[in-house]
There are 2 protein chains.
Amino acid sequence: MSGVYVVAAGMTPFRQHPDTAVHELARQAVWAAITSSGIDPEAIELAYAGHAYQGQCFGQKALLKIGITGMPIVNCENACASGASAVWGVYNAIKAGQADIGLALGAEKLSGRGGGFTPMVADDLESVMGRVMPAVFAMMARKHMERYGTTLEQMASVAVKNRRGGVLNPYSAWTENITIEEVLAAPMIAEPLTRLSCCPVSDGAAAVILASERVVRRLTGKPVAIRAAVMASGRRNDVGMADDNSEMTIRAARQAYEIAGIGPDEIDVCELHDPFTIAELVHCEDLGFCAPGEAGPLALGGHFDRDGAVAVSPSGGLLARGHPLGATGVAQIAELFWQLRGEAGDRQVPD
Amino acid sequence: MSGVYVVAAGMTPFRQHPDTAVHELARQAVWAAITSSGIDPEAIELAYAGHAYQGQCFGQKALLKIGITGMPIVNCENACASGASAVWGVYNAIKAGQADIGLALGAEKLSGRGGGFTPMVADDLESVMGRVMPAVFAMMARKHMERYGTTLEQMASVAVKNRRGGVLNPYSAWTENITIEEVLAAPMIAEPLTRLSCCPVSDGAAAVILASERVVRRLTGKPVAIRAAVMASGRRNDVGMADDNSEMTIRAARQAYEIAGIGPDEIDVCELHDPFTIAELVHCEDLGFCAPGEAGPLALGGHFDRDGAVAVSPSGGLLARGHPLGATGVAQIAELFWQLRGEAGDRQVPD
């Protein structure tokens, strides 16, 4: 079966944009992808829009205002994976022969929704009882500390590294570096996670354009091939509680390596899901970059730095760039597109 | 590229279920599809869940409670096309080689949301100004009447026919037949559409299981092949106002006929989108069953009856079965699955 390629990417800065409508953020991201690539917007044959909170038919409304109409448009919501699900939808549709050129758009406006974290759903008993994201990841951190001896300093070093990436990233919310001491001294959110151990609330949009084998050479001389696109979900309702690591992530990663025909030791650069510092450590282990329990010391030692063995989240990740839910997964693909083309500016991972 | 088949279907009755949670409706539909087919739930490798109003990660939550976990699950929202988009997502994923067996679930609980129609979005200026669905279709009706001489009786005959189908359908909300006179005398909703010209508010869920060429023969001796799966969206923001017919539907239908290698005259049975009587007439024209303007007289003459030239919505359609948004598109595929296997009971279209 023929390949699928990323041929263009665009993004807004990820930060609070209280005075900008989410449709306008979407327009900026899509238009950046189009103008940077010279791809004719009329050539886009289908779109997926990933978002969690932007209302009914968001993709249709946003793309109509951008002037891109007529093609299949599907909105998808998968919480923090909404944007990644949109990319996956476009990838599948192209591979299925529905289109040669497809757009994945992710957008979210969280500012002005009140509270410091993802808006809670009033009828979700678990949320109401306190099982909100910071609490879930705090439990994950406590378990990792107890089981493997992971330290507060090791976890804090993830925030320091990612902020360093964010400072170099014009799309990031933050512009100043931080120290381990500052992370540890920040206000406590959910023990042992301080405010600087958590991703900031932000708004933003990202877009990538995918193309089939058949047309890719007409569109760009520098396509980025997608060698595997794998999704998984959890097997039980206890993610982060019963397991030390994330069984679903381990399963998805193994499948992706198998399809791509490579191993974790061949990965040079990775964008992973780091809404909290502990998540990056756990996911580095899940992805096979090291054995369970080893990520903490390795992180503190610079193993995952931009010039380390594996550059993890050189963009600054969610911790520095922010995490507008629907936009995040698309932004990760956009960042990897730039990194693999050598177009990541000051945050470029060395060859 | 290899084919994709429908191998199982399940559905709840579509009616108001004020005391049944939407997750329970989903469970009933999925479980009906599984038990009627004997397919091992563990064999389901991915799922799309179509819904519009059931909250974040609805598919994950519903399938977790059903005991089907671990696989990719994507929630999709496309208003009235949410369910159809879910089927399309599963179709593409199977064709893309992501899975051999996939589940499309559609579910919606609208009762208890207040109002007689789809809940309005407070910040949607058009809705607030009165451009709600009954008004849009009332304008469509007025235009069709003016341009083609379509009569109130012709439109009412659609409701009478579909109610007749619904009375024979155990999944339908309604159990009594109606007359043209009753449709015309019912309370006016949006002139010229009376209450019996509009689909009832209802709750429900539907599920279909799709399979690849590779495994289909292992699963059933009576698969139903999907010869084409096409989506389109409108080119402008004036659907039902500037055009007499639906340009996007005409475009999608032509593309589907071309891919399948058949013409509209070869269609024996059709489930189409009939939230209001006028919609069925317009869509019969859009789908090429007759020329623009001809659907009214043909409908009144029985052309689209169960024993007519083309059996349109023998299930009773949205007008009789009801229209729980996310469930509708999946239910239409389920109905066609039963019709093409000769399993549609009293409402079976003759061979």
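The numbers here are math on the coordinates, done by the rules we state, and not lab data. Please read these numbers as outputs of a predicted model, since none were measured by experiment. As a convention, Cβ positions derive from the backbone with ideal geometry for all residues, glycine included, and neighbour counts pool all protein chains shown.
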remark   = The answer for B:T194, listing residues at least 5 apart or on another chain whose modeled amide H is closer than 5 Å to its amide H, is B:I189
message = Using square roots of five times the C-alpha gyration tensor eigenvalues, list the equivalent-ellipsoid semi-axes of segment A:59-211 in whole Å, biggest first.
response = 35, 19, 16
key: Cut-off 16 Å, label 7 Å out along Cα→Cβ of B:E146, residues of segment B:159-191 by amide N   = B:191
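What list do you get for A:E213, A:E271 if you sort them by fewest beta carbons within 10 Å?
Numbers: A:E213 16, A:E271 23.
Ranked by crowding around the Cβ, least crowded first: A:E213, A:E271.
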ask   = What is the distance in Å between the Cα centres of segment B:258-294 and segment B:123-143?
value = 23 Å
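Would you mind computing Rg(Cα) / (2.2 N^0.38 Å) for segment B:149-224, counting N as its residues? Numbers along the way, then the final one.
Values: Rg = 18.5 Å, N = 76, 2.2 N^0.38 = 11.4 Å.
Relative to the rule-of-thumb radius for its length, segment B:149-224 sits at 1.62.
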query = How far apart, in nm, are two points set 7 Å out from the Cα along the Cα-to-Cβ line at B:A291 and at A:R195?
reply = 7.2 nm
ask   = How many angstrom lie between the C-alpha centres of segment A:16-37 and segment A:179-203?
value = 29 Å
remark   = Projected onto their principal axes, the Cα atoms of segment B:11-57 stretch, largest extent first, over whole-Å spans of 31, 23, 13
task = Pop out the ³J(HN,Hα) list for segment A:217-224 in order, Karplus 6.51 cos²θ - 1.76 cosθ + 1.60 with θ = phi - 60°, rounded to Hz; leave Gly and Pro as x.
result = 5, 6, 8, 7, x, 10, x, 10
note = Taking a crude spin-label model, label points 7 Å out from Cα along the C-beta direction, the A:E153 to A:D19 distance in nm is 4.5 nm
Shielding by other protein chains, A:88-94, mean Cβ within 10 Å = 6
ask   = At 222 nm, what helix-only mean residue ellipticity would chain A give, in deg cm²/dmol to the nearest 500, using -39500 (n - 2.57) for each DSSP H run of four or more?
value = -12000 deg cm²/dmol
key: Other copies of B:R214: label-to-label distances in nm, shortest first, labels 7 Å along the beta-carbon direction   = 2.2
task = Please work out the Cα convex hull volume for the protein assembly as shown and give it in Å³ per residue.
result = 144 Å³
task = List the DSSP H helices in chain B whose Cα atoms stretch 15 Å or more along the helix axis and whose mean Kyte-Doolittle hydropathy is at least 0.0.
result = B:22-37, B:82-95, B:325-341
message = Give me the inter-chain shielding for A:96-108: mean count of other chain Cβ atoms within 10 Å, whole number please.
response = 2
key: Per-copy distances of the B:G38 label point, shortest first, in nm (7 angstrom along Cα→Cβ)   = 6.0
task = Output the antiparallel fraction of DSSP beta bridges having both residues in chain B, as a percent to the nearest 5.
result = 65 percent
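Taking every pair of alpha-carbon atoms in segment A:124-261, give the share separated by more than 21 Å as a whole percent.
Roughly 63 percent, once rounded to a whole number.
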key: Length-normalised contact order of chain A in % [C-alpha pairs under 8 Å, at least 6 apart]   = 28 percent
P(r) of chain A over all Cα-Cα pairs, binned every 10 Å from zero, in whole percent = 6, 26, 36, 24, 7, 0
task = Sorted from largest down, give the three principal axis spans of the alpha carbons of segment B:248-287, whole angstrom values.
result = 30, 22, 12
message = Please state the shape class of segment B:197-351: rounded when a/c is under 1.5, otherwise prolate if a/b exceeds b/c and oblate if not, all from the C-alpha gyration tensor.
response = rounded
task = Using the 7 Å Cα-to-Cβ label point, sort the distances from A:D307 to its equivalents in the other copies shortest first and give them in nm to one decimal.
result = 8.5
request  = Taking H placed 1.01 Å from N in the peptide plane, check which residues at least 5 places from B:M71 or on another chain put their amide H under 5 Å from its amide H.
outcome  = A:S233
key: Taking A:D351, B:D40 and counting other C-beta atoms within 10 Å, the order from fewest to most   = A:D351, B:D40
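Taking the Cα centre of segment B:292-351 as origin and charging only Cβ (+1 Lys, Arg; -1 Asp, Glu), how large is the dipole, in debye to the nearest 20?
Numbers: 4 positive and 7 negative charges, 38 e Å.
Rounded to the nearest 20 debye, it is 180 debye.
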inquiry  = Please compute the average number of Cβ atoms from other chains found within 10 Å of each residue's Cβ in peptide B:45-51.
reply    = 2
query = Near the amide H of B:N78, under 5 Å away, which other amide H atoms are found, from residues 5 or more places off or on another chain, if H is placed in the peptide plane?
reply = B:H51
